[in-house]
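The values are calculated or read from the model by the stated rules, or taken from the named source; none is laboratory data. Nothing here was measured: the structure is a model prediction, and the numbers come from that model. FYI the Cβ positions are ideal-geometry reconstructions off the backbone, even for glycines, and counts take in every protein chain you see. Quick note on the areas: whole protein, heavy atoms, side chains included, nothing else; ligands and nucleic acids left out. Shrake-Rupley method; radii C 1.70, N 1.55, O 1.52, S 1.80 Å.
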Amino acid sequence: MSQHPAPDPSTGAARGPERVALRGDVLYLRADPGPGGDAGDCAHFEPDGWLLAEGGRVAAVRAADAPPDASWRREDWRGHLLLPGFIDLHVHAPQIDVMGSWGEGLLRWLEDFTYPAEARWADSGHAARSARRFVRQLLAHGTTCAMVFPTVHRHGVDAVFEAAREQGMCLVTGKVLMDRNVPEALRDDVAQAERDCLSLIERWHGRDRLRYALTPRFAPSCSDEQLRMCARLLRMEPPDGGAPYLQTHVAENRDEVRWVRELVPRSRSYLDVYEQFGLLGRRSVLAHGIWLDDVDRALLAERGGTVAFSPSSNLYLGSGLFDWARADAAGMRVAVASDVGAGTSLCQLRSAADACKVQALQGMRLSAWRALHAVTRGAAAALEMESELGHFQPGAWADVVAWRWAANELQEHRLGLARGLHERLYAWLHLADERNVAAVYVAGRRIQARPS
Ligand code: GUN
Ligand code: ZN
């Protein structure tokens, strides 16, 4: 994040992290605007307004003509867009090492690039350095909360949690479970995995802003016994943080779907494998879901789980086109994620823009309102954190990104021609990226330097 003038000294306000007033074009979503281009009253936009944060949480959003008193330290982001920090519901920490690798579809890509990169996390020093770099880069790309796949290694989970804790972030992760059909070096066994999960849950779940997710990689890599173990732990009621989450992959690629049919012939479908083991609930996040059918969609809607639609990854691996209109018709919850490293950018603006394109290919127009909702409040809802994340209503965490409307002449020119807020936002969403990030705040605290 580039340097910016120091807080306005003219207020004489006491310096300190407690009460901060950010001035800029404040925008957040109040609800999912649904399909169609009209935000209705779902969007709250306060041009040249004030975003007040106290003790790390939003106190108020005010109009330009209602400035806070001198007890608030002011930071001037006039001419910038102040948005809730983006939430990435599906991203793999070790896979920034393999972004943009040339190769075949999903299953070969896993063997050729992904598993070797994850095996390198066996070295705990490498894992710690990689985890810190990953978290720094999330923030540098405007993402302040994420649901993360680390690796099978217990110390890798510690490393990701620790890196997020250092930044005060909200982050959900858990040990990747895989006891079959993966290279020997990455294979775990159920008894040890259960002990690891239990001790990680005890250590991290509900600590600061961190939460644990049971993380069976995908049905092909998990034995029945392992999925049963997941279900057992999922039903735990730890004292803090509520029940743990579940994250996995489903119905991403046609060869993968065929493979699951061979491995688990008794299941009606790929999703049904997870249903059979009792793994689907309101805290379940399933990446992709491209090849679900209507019965699956109805089931997932009933269970309340969320699909992490990962358009950049789906295009990159040639996996297919996620059908959001069908998901809507079934009442399924959807958020938009990067799925780095099959996704090619950590910037959720790129994910959102790719989501628009994938839907356009299927005759559906995604508005900027809905795309932004899917990477902020919609993703917070999937984590059952909507009361305090992904928006600027009072009491929400003050996770804020100040974005430059324009970072170059072309953006300046195009946005200058926009005839209204939606046109401006939609063009911005497609043209901007992490180079537009001017400042990042986590729980009201500015993350100072641009991470290297
Ligand atoms: N399915 C199982 N593991 C993975 C992974 O690492 N990336 C993607 N895109 N799909 C998967
Ligand atoms: Zn993934």
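Roughly how far apart, in whole Å, are the Cα centres of the range 103-176 and the range 314-369? Centre-to-centre (Cα) distance: 22 Å.
Arrange the residues C145, C42 by how much accessible surface each exposes, largest first, with a 1.4 angstrom probe.
Values: C145 0, C42 20 Å².
Ranked list, largest accessible area first: C42, C145.
Once you order the gyration tensor axes a ≥ b ≥ c over the Cα atoms, which shape class does the range 268-359 get: rounded for a/c under 1.5, otherwise prolate or oblate by comparing a/b with b/c?
On the way: a/c = 1.93, a/b = 1.76, b/c = 1.10.
Taking the square roots of the gyration eigenvalues as a ≥ b ≥ c, the range 268-359 is prolate.
Placing a pseudo-label 7 Å from each Cα along the Cα-to-Cβ vector at D255 and L410 gives an inter-label distance of 3.5 nm.
What is the magnitude of the charge dipole of the chain about its Cα centre, with +1 placed on the Cβ of each Lys and Arg, -1 on the Cβ of each Asp and Glu, and no other charges, expressed in debye to the nearest 20? Provide the component values of the computation, followed by the final result.
Details: 53 positive and 58 negative charges, 117 e Å.
In debye, rounded to 20, the chain gives about 560.
Spacing of the modelled spin labels on R228 and A301, each 7 Å from Cα toward Cβ, amounts to 3.4 nm.
By a 1.4 Å probe calculation restricted to protein chains, F218 has an accessible surface near 10 Å², given to the nearest 10. Between A60 and L263, residue separation times 0.36 nm minus the direct Cα-Cα distance comes to 67.7 nm. Residue-wise HN-Hα couplings along the range 384-400, as the Karplus relation 6.51 cos²θ - 1.76 cosθ + 1.60 with θ = phi - 60° gives them from phi, are 6, 10, 4, 5, 9, 8, x, 7, 10, 6, x, x, 6, 4, 7, 8, 9 Hz; Gly and Pro carry x.
Once you have a ≥ b ≥ c as the square roots of the Cα gyration tensor eigenvalues for the range 345-432, tell me rounded if a/c is under 1.5, and otherwise prolate or oblate according to whether a/b is larger than b/c.
oblate
Translational diffusion of the chain, estimated by Stokes-Einstein from the Kirkwood radius over alpha carbon pairs at 37 °C in a medium of 0.692 mPa s, is 148 µm² per second. Excluding ligands, DNA and RNA, the accessible surface per residue across the chain is 37 Å² with a 1.4 Å probe. Comparing Cα centroids, the range 54-70 and the range 248-281 end up 49 angstrom apart. Comparing V273, L286, P239 along the charge dipole axis of the range 232-295, the residue lying farthest to the positive side is P239, per the Cβ-charge model.
Computed with every protein chain present, the accessible area of Y316 is close to 80 Å² [probe 1.4 Å]. Solvent exposure of R120, expressed as accessible area, is near 110 Å², computed with a probe of 1.4 Å over the protein chains only.
Here each label is just a point 7 Å from Cα along the line to Cβ, and for D293 and E237 those points are 3.8 nm apart.
If you roll a 1.4 Å probe over the chain with all protein chains in place, what percent of the accessible area is carbon or sulfur? It would help to have the intermediate numbers written out before the result.
Numbers: 8170 of 16760 Å².
Here carbon and sulfur together make up 49 percent of the probe-accessible area.
For the range 146-232, what class follows from the C-alpha gyration tensor (a ≥ b ≥ c being the square roots of its eigenvalues): rounded when a/c is under 1.5, otherwise prolate if a/b is larger than b/c, else oblate? Taking the square roots of the gyration eigenvalues as a ≥ b ≥ c, the range 146-232 is prolate.
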